[in-house]
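Notes follow once the structure below has been shown.
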Amino acid sequence: MKDDTLEIRPNLPPEWENVELKFRFRGNLVDLKVGKEEVTVSVAEGGKVKVRTPREEAEVKPGETAVLEV
């Protein structure tokens, strides 16, 4: 986390294709799927969430999904 932004810099083990997580970030319920080339972020409830990868940034609102390159 940096400046109220969820910052994602994946470094998955070579044998993993992806990892999926559900967690709360600043009171917002976030679904996250991290792969080797992209990150998928959905906000299930709460407010908007700012997300940053090394290549892209997005603001995801509840009910929306964003796919960002890593």
Check: Counting just the residues of the range 20-57 that are over 8 Å from the mean Cα position of the chain (by Cα) and hydrophobic (A, V, I, L, M, F, W, C), which one comes out farthest from PRO10 (Cα to Cα)?
Finding: ALA44
Check: List pairs: first in the range 38-54 and within 11 Å of ASP4 (Cβ to Cβ) and at pLDDT 95 or above, second open to solvent by 60 Å² or more (accessible area, probe 1.4 Å) and acidic (Asp, Glu), Cβ under 6 Å, 6+ apart or cross-chain?
Finding: LYS48/GLU59; LYS50/GLU59
Notebook entry, point to check: Within the range 8-16, can one find any residue that is without any contact (Cβ under 8 Å) to a residue 12 or more places away in the chain and of a type in the set (S, T, N, Q)?
Noted result: yes
Check: With (1) of a type in the set (Asp, Glu); (2) modelled with pLDDT of 95 or more; (3) at positive phi as the list, and ASP31 as the residue in question, which single condition is left unmet?
Finding: (3)
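The values are calculated or read from the model by the stated rules, or taken from the named source; none is laboratory data. Bear in mind the structure is a predicted one, so any value in this text is a computation, not a measurement. We place every Cβ from the backbone using ideal geometry, glycine too, and count neighbours over all the protein chains shown. Just so you know, the surface numbers come from the protein's heavy atoms only, side chains and all, with ligands and any DNA or RNA stripped out. Shrake-Rupley method; radii C 1.70, N 1.55, O 1.52, S 1.80 Å.
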